[in-house]
Every structure is written in structure tokens, then in C-alpha cells.
Amino acid sequence: MGEQTKYLLDESRIPKRWYNIQADLPKPLAPVLHPGTMKPVGPDDLAPLFPMALIMQEVTTEREIDIPEPVRDIYRLWRPSPLFRAHRLEKALGTPAKIFYKYEGVSPAGSHKPNTAVAQAFYNREAGIKRLSTETGAGQWGSSLAFAGALFGIDVTVFQVRVSYDQKPYRRALMESYGARCLPSPSTETDYGRSVLAKSPDHPGSLGIAISEAVEVAAKNDDTKYALGSVLNHVLLHQTVVGLEAMEQLKMADAWPDVIVGCTGGGSNFAGITFPFIGDGLRGGAKPRIVAVEPAACPSLTRGKFAYDFGDTGHMTPLAKMHTLGSTFTPPGFHAGGLRYHGMAPLVSHLKELNLIEAVAYHQKECFAAGIQFARSEGILPAPEANHAVKGAIEEALRCKREGRSETILFNLCGHGHFDMAAYMAYSAGTLTDQSYSEQELAMALAGLPSVPEPA
Ligand SMILES: *Cc1c(COP(=O)(O)O)cnc(C)c1O
């Protein structure tokens, strides 16, 4: 018999509290600013968009936040998620490194996103909200919120980025099966969508535009709130169940990571697996290296500016200080739709500025090659987004091989790729190309960043 491959926890070990890294930051986050006054926003400014419980989770510096029992009860459908040791991948790479991965593809929507969707739907239902509006890029978030809405009896309206609405009909079918209403964005449903279509009837859409539409619907309807699947502090908070469980499972394996790898779109799955470990390091524990992997076609952490920017293209959201490519930047249409966002979570950006994390960018073809190699040794076909984390972990394992080091590598396999077979078919047929963004458009988008007076 070989060494153990799979580390499972009993249902009773689902975390009872989320971990809030704001309690342990050596320097607090820059405040979020009101788009009109450029002054820090207060809870009341956000009340049209979010229930108060979530607004308080945005700003609290309490270290541990209780997970409500009804949320834990739904988590039991797939949590605790398994931690695997990738023995076969290690052998295929000929590396002395130990590779562990946490697998979040076991959720009903096939990714980590239900970890926050269920929590957000719960707090909205507690506040008496009847409908949630949201955006989705690849369809992962839309299907996660549709799932959570169905379980809590809340209507869900999803603005899906036009290209993915056209390219990924099965994600839409899944959202509609859960009872959600799904519209291509830009849509004729909102003032902002109509204004974009008037200028550009064939606009492919972007997450920034879809966010503007979803925010507009929430702002104009009292019974409707907005839900975001990444970027915000409370979303990252909810994802920490991933890292908290991984800590328990690694103890079972008598292992601890030297390096942790995650892919970053808005930063939530990366935060989920890394923040509990980073916090442990900040409180005097071991300090693993932490590596964020992003797409070279949308490189906010490696090529963006750390500056105040809007979260959306229509400039309806507050301004947050983050790594950004500019809110008017439209990333090229590569296949990891969940990573096509102009900004990065303020918390992840802040950690990058504090040199507590590293970031690298890879092109999509090398990431698909890594994903295929992973599938052929471990059996799970990763989501195109997750391929970036696989690529990052493989690079670390190959470095260990060159240096003759038997380090322990942990990465987050944040979702499976069963809805992304068109992308894999393109890869196999050789028609997948590496997209580069337009340097000129990036320069223009960065030149258009809002000017914000520096606090004295
Ligand atoms: C949405 C998504 C991402 C990107 O979002 P993060 O907030 O950066 O995690 C990555 N992977 C998968 C599978 C996704 O669905």
C-alpha cells in the first residue's frame, strides 16, 4: 500500500468561525471612498446594496466571525472538502517536493463560490430581501448564487457577460435550472446597459459593465440587494473555510506548506486558502511563501497600478485602493472568464504592497498544458481558472527538483472544468491562442484613473 492520498474530515469539523485577516494586519486597509464626495464611506452609504450584517463584516477587525448554523448546515452538502496528496503528479514531474491540493470542485456549482453565495443568501434572507441581482463572467458565480437563492427562497437576477452568455449556454442552463433569470450584459434592462449598447451594439461585455447593471437594479429597487462573488472583504472572509480546513487536514498528514499557490481573478479563492496561513505567520507561526497566479492577458497584480479605482465600468460603486488595470479596461476574451476582472481584492492588493505575497502571470496555453498534465496524473480536469494555480504549483515543484529541495507545496484546485469543454476542445485542436491585451488601451485606462486627494 502506498502513502495516503486523500485526507477527509468529519462533518463536525466544518469550521464554526470564519477567519478575518483584518485582525492581524500590520497596517490597516485604506478606507473605501464615496464616489461623489471622495470621503470614506459609512455603513449607511452601502445600505442600499448590502444587508447590514455583510456591511459590518466588511469593516470589522474581530478575528473570528461565527458561521451561522443554517449556513454550516448547507455547507454539509459538500464540506469539509477533500485535501489530496498528488503522488502521481509528483512522480510524473520527478520532483522531491510534496504536492497537496484542496479540491473545491465538489460543491454543487463545481467551484469554491458557493462558500460565500450561501452565506450571502442567508444574511439577505434574514434581512427580508426578496431578490438578489448580480453579475457573472464565466457563469460560475451566477450558478453559485442561483443555487444559494434556490435553497433560501430568494429570486436571483444574473447579468452574464455577453461573450460568455453566447459561448457557455450550459452555465446559463444551470442558472435557469436553479430558477434564476439570466440576461446578457450589456442588456436593455438597465439605463447603463442601454447607454453602452447605444454606443456599441455588438459590445462583448465585461465584468465591469455587468457589475454596473446589477448595482443599478439593486439601487433602484427596495426589495433587491446586490451580491458580489469576489473582491470584497466579506467574500474573502467567507472563503477562509477552505484554508481553515486545509490546516486541519495537513496536520493529519503531518505536513505544513513551505509555499501556497492560488489563482487570482478577484482574489477570493486565493484568500480562502492563504489567509488563515498568512494570519498564523503574522501571529508568530511559520511563514510559508504565498504565490498568486494570474493570467498574462489580465495582469492586475503584476502590471496594474496600486491606486484608488472604481469596481465597475459605469462608476456607480465606491472607490477602493487596489491593483487595477483601470475600470474602463476590457480584457481580451481568453478562456478563464473568472479571471477577467480589471481590479483585485483590496485585501490581496494590500498584502502585495506589504510584500506578504508574491505574484506571477502565465499565458493560457501553458496553463492548459498544466491542466491536462494534472488530469492525466490526478484524474480531475481543472477549470481553466484553476489551471493557473496548477501551473504555478508545477513550476514550484520543478524549482524544487532543480534545487534538490523536498519542500511541501499546497495549492487550491478551486473548481472543475466540466462546463469548459469547448475551451479544452480548442486547446486540443490547436486553435487556442495566447491573448495579449492592448498596451495602448491599458495605458489609456490607467491614465483615466480617478484622481483622489492623498490623505494628509
Ligand atoms: C470565479 C472563479 C475564479 C476567480 O475568482 P477569485 O475570486 O479570484 O477566486 C477562479 N476560479 C474559479 C473556478 C472560479 O469560478
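Just so you know, all these numbers are worked out from the coordinates, no wet-lab data involved. Predicted model only: the values in this text are computed from it and were never measured. Cβ atoms come from the backbone with ideal geometry, glycine included; neighbour counts cover every protein chain shown.
At-a-glance table
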read-out	value
Burial ranking of peptide ranges 440-446, 320-326 (average Cβ count within 10 Å, highest at the top)	320-326, 440-446
Relative contact order of the range 1-73, defined on C-alpha pairs under 8 angstrom at six or more residues apart (%)	44
Whether the chain is rounded, prolate or oblate, judged on the alpha carbon gyration tensor where a/c under 1.5 counts as rounded	rounded
Distance violations [Cα-Cα > 31 Å] among Lys98/Lys305; Lys168/Lys352; Lys6/Lys365; Lys130/Lys251	Lys98/Lys305; Lys168/Lys352; Lys130/Lys251
Which of Ile290, Ile129, Ile99 has the fewest Cβ neighbours within 10 Å, and the rest in rising order	Ile129, Ile290, Ile99
Alpha-carbon Rg with Dmax, taken over the range 299-456, Å	17.6, 57
Electrostatic dipole magnitude of the range 6-46 [Cβ: Lys, Arg +1; Asp, Glu -1; Cα centre; debye, to 20]	180
Rounded to the nearest 20 debye, dipole of the range 1-98 from Cβ charges on Lys, Arg, Asp, Glu	600
Percentage relative contact order, the chain, counting C-alpha pairs under 8 Å, at least six apart	19
Cα gyration tensor shape for the range 258-390, rounded if a/c is under 1.5, else prolate or oblate	oblate
Normalised contact order of the range 317-393, rounded percent, pairs of Cα under 8 Å and 6 or more residues apart	27
Theoretical ellipticity at 222 nm over the chain - DSSP helices of four or more residues, -39500 (n - 2.57) apiece, nearest 500	-12000 deg cm²/dmol
Potential extension, Lys27-Ala255 segment - 0.36 nm per residue separation minus Cα distance	79.1 nm
The range 344-358-the range 276-338 distance, computed between alpha-carbon centres (Å)	8
Cβ-placed point charges (K, R +1; D, E -1), dipole of the chain about Cα centre in debye, nearest 20	780
Over the range 253-325, equivalent-ellipsoid semi-axes from the Cα gyration tensor in Å	29, 14, 10
The range 337-415 shape via C-alpha gyration tensor axes, a/c threshold 1.5	oblate
Inter-label distance for Ala92 and Val452, nm, one decimal - labels placed 7 Å from Cα along Cα-to-Cβ	4.3
The range 171-242-the range 44-93 distance, computed between alpha-carbon centres (Å)	21
For the chain, with +1 on Lys and Arg beta carbons and -1 on Asp and Glu, the positive-most of Ile409, Leu29, Ser164 along the dipole	Ile409
Part-to-part distance (alpha-carbon centres) for the range 371-422 and the range 1-38, which is given in Å	22
